[in-house]
1. Dividing the Cα radius of gyration by the Kirkwood radius, what Rg/Rh value follows for region 75-133?
2. So if I average 1/r over every pair of distinct C-alpha atoms in the chain and take the inverse, what Kirkwood radius in Å does that give?
3. Could you tell me which chymotrypsin sites (Phe, Trp or Tyr not before Pro) in region 45-95 are loop residues by DSSP with no more than 14 other beta carbons within 10 angstrom of their beta carbon?
4. Using 7 Å Cα-to-Cβ label points, what is the residue 15/residue 138 separation (nm, one decimal)?
5. About the Cα centre, and with charges only on the beta carbon of Lys, Arg (+1) and Asp, Glu (-1), how big is the dipole of the chain? Nearest 20 debye, please.
6. Scanning the chain for trypsin sites (Lys or Arg not before Pro) in DSSP loops with at most 14 other Cβ atoms within 10 Å, what's the longest stretch left with none?
7. In nanometres, what is the gap between the two model label sites at residue 4 and residue 53, each 7 Å from Cα along Cα-to-Cβ?
Amino acid sequence: MEQWIKCNIVAVFSHDLNKLLFCKRSKEPYKGLLNFVGGHVENGEDGLTAAYRELFEETGIPKSMIDLKLICEMKYPFSRFDMQAYVGKLKEDFEVFGDENVLLWEEWDKSKEYFSMEKYAGEGSVGHILEQIKLNWSELFT
């Protein structure tokens, strides 16, 4: 039986909830487009542990600086691909760093649509995840 590929992405908000962290992908798929940071879940690793590990590897943000919550999980049976999306807010200002992709903060605007496939990676998944965050905002950040 063919193995499923499991990965995660993490939406990181600044401590004041005014900015959202993106990476500009340096390789395919989606080279040059904005995405959330994240990566593959290793064998024997649970999704949340993998999300914290990938977040640290790609941005330098340690687990002590952010509490992550699972916002949604998307399974693609024809591709055998399982993606978990997490969200968190930094506990204080933190200077992110990484050498895999360019990291950048964008102003967060709840009224903005994030579905542009010319700007954001994932065939609309960035927009979908952010819509889920908007719908559950008070439960996530109060």
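All of the numbers you see were taken from the coordinates with simple rules; none came from a lab. Please read these numbers as outputs of a predicted model, since none were measured by experiment. No Cβ is skipped: glycine too gets one built from the backbone with ideal geometry, and neighbour counts run over all protein chains shown.
1. Working: Rg = 14.0 Å, Rh = 14.0 Å.
Rg/Rh for region 75-133 comes to 0.99.
2. Numbers: mean 1/r = 0.0653 Å⁻¹.
It works out to 15.3 Å.
3. Details: sites: 52, 56, 78, 81, 86, 94; in loops: 78, 94.
Taking region 45-95 and a limit of 14 other Cβ atoms within 10 Å, the loop chymotrypsin sites (Phe, Trp or Tyr not before Pro) found are 78.
4. With each label placed 7 Å out from Cα toward Cβ, I get 2.7 nm.
5. Working: 17 positive and 25 negative charges, 46 e Å.
Its charge dipole is roughly 220 debye.
6. On the way: sites that count: 27, 31, 80, 91, 110, 112, 119.
Result, exposed sites excluded: 32-79.
7. Result for the modelled spin labels: 1.8 nm.
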